[in-house]
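The values are calculated or read from the model by the stated rules, or taken from the named source; none is laboratory data. Only a predicted model underlies this, so the values are computations on that prediction, with no experimental measurement involved. All Cβ positions, even for glycine, are placed from backbone atoms using ideal geometry, and neighbour counts span all protein chains on display.
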Ligand SMILES: [Zn+2]
């Protein structure tokens, strides 16, 4: 079902983004990454700004926080660049960040170099880091002896047992809540700001200087119903930014710190909260496109972290895993991709109106 219309690799995504920018007469700034891709290719985050450089209203579109999920984010940016033909509202700019975690996109992982979940990395590393007791309890299953045969079977049994005894919420907290104790495990938030973290902060500083009204949308995939784009906010319950976002966007916004049915754990160190903290009054939203079921998500993450730390790159098992990851986070299905493109365009349009008309 795959078609040449869509970029299936980091390099193709970058090429398509450049081509779409060139077609619109927009220049790209490159932020070169210090490491290389699996084929020795150079890696970079690219930034394109549409609209006046000194506009007081700025919408940031950020993609690839979770590496491989950025193939979908890139598709949404390219699609929007090709679709958006009307002039932007007055005094308003759109800043497109193409693959803020290019390492993860190229290596087909959600993590950055160093196995870090960038969305748990925006911490104050000068202070004691939080513990994750749920992760510690399940550590042997989350960092198993093996991800095939008996070792893997044992890990799956332990996870199933935990799910039935402690419930789905505790398991989700263990896997997705973030942990700062084991650099080989899932959900590792790092010990210092990653390259992607510092780069995001400097892009943000540069492009929101003098902005009176700013918003950001961070593109993700993997959680929620297949093909459905859920808007999320990490603003605390009752925050003015959350109320404003609810006025901007048609349809519901899941407030991650308020709605414990969707989010059974406390999110910390995420990129949206970092943006809100850095830029006064910035409205941060996450657009999350659902794919497949959450237990498959967990298994892929455990296997991927294991493979990165203990496996061998390029082995048959590893190749099968990469394929599984790619298809989970960027399904090879025309209907999924077209739905995501349309939803992204709708959300961007609403955000643009919100940013432009904010008093
Ligand atoms: Zn994500």
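Has the range 86-97 got any residue that is modelled with pLDDT of 95 or more, within 16 Å of the ligand (Cβ to nearest atom) and either surrounded by 24 or more Cβ atoms within 10 Å (Cβ to Cβ) or part of a loop (DSSP other than H, G, I, E, B) (or both)?
Yes, some residue in the range 86-97 is modelled with pLDDT of 95 or more, within 16 Å of the ligand (Cβ to nearest atom) and either surrounded by 24 or more Cβ atoms within 10 Å (Cβ to Cβ) or part of a loop (DSSP other than H, G, I, E, B) (or both).
On the basis of being touching a residue at least 40 places away in the same chain (Cβ under 8 Å), surrounded by 16 or more Cβ atoms within 10 Å (Cβ to Cβ), within 16 Å of the ligand (Cβ to nearest atom) and farther than 24 Å from residue 116 by Cα, does residue 76 make the cut? Walk me through how you get there before you give the answer.
Working: touching a residue at least 40 places away in the same chain (Cβ under 8 Å): yes; surrounded by 16 or more Cβ atoms within 10 Å (Cβ to Cβ): yes; within 16 Å of the ligand (Cβ to nearest atom): yes; farther than 24 Å from residue 116 by Cα: yes.
Yes: the conditions hold for residue 76.
Can you pull out the residues in the range 237-253 that are surrounded by fewer than 14 Cβ atoms within 10 Å (Cβ to Cβ) and in contact with a helix residue (DSSP H, G or I) (Cβ under 7 Å, 6 or more places away or on another chain)?
250
Report, by residue number, each residue of the range 282-302 that is modelled with pLDDT under 95 and not in a helix (DSSP H, G or I).
Answer for the range 282-302, where residues must be modelled with pLDDT under 95 and not in a helix (DSSP H, G or I): just 293.
Would it be correct to say that residue 275 is modelled with pLDDT of 95 or more and under 17 Å from the mean Cα position of the chain (by Cα)?
Against the criterion (modelled with pLDDT of 95 or more and under 17 Å from the mean Cα position of the chain (by Cα)), residue 275 qualifies.
Determine if the range 179-196 includes at least one residue that is touching a helix residue (DSSP H, G or I) at 6+ places or on another chain (Cβ under 8 Å), assigned to a helix (DSSP H, G or I) and within 14 Å of the ligand (Cβ to nearest atom).
Yes, some residue in the range 179-196 is touching a helix residue (DSSP H, G or I) at 6+ places or on another chain (Cβ under 8 Å), assigned to a helix (DSSP H, G or I) and within 14 Å of the ligand (Cβ to nearest atom).
Just to check your reading of the model, which residue among 105, 86, 72, 90 is touching a strand residue (DSSP E or B) at 6+ places or on another chain (Cβ under 6 Å) and over 19 Å from residue 274 (Cα atoms)?
Exactly one residue qualifies, and that residue is 72.
Which numbered condition in (1) within 16 Å of the ligand (Cβ to nearest atom); (2) crowded, with 17+ Cβ neighbours inside 10 Å; (3) at pLDDT 95 or above is the only one that residue 234 fails?
So residue 234 meets the others, but not (3).
Under 6 Å between Cβ atoms, which residue pairs at least 6 apart in sequence (or on different chains) link something in the range 321-332 that is closer than 13 Å to residue 6 by Cα and in a loop (DSSP other than H, G, I, E, B) with a partner that is at pLDDT below 95 and more than 16 Å from the ligand (Cβ to nearest atom)?
So the pair list comes out as 332/1; 332/2.
Within the range 53-63, track down each residue that is at pLDDT 95 or above and out of contact with any strand residue (DSSP E or B) (no Cβ under 6 Å at 6 or more places or on another chain).
56
May I ask you to verify whether residue 224 is in contact with a strand residue (DSSP E or B) (Cβ under 9 Å, 6 or more places away or on another chain) and at pLDDT below 95?
Criteria met by residue 224.
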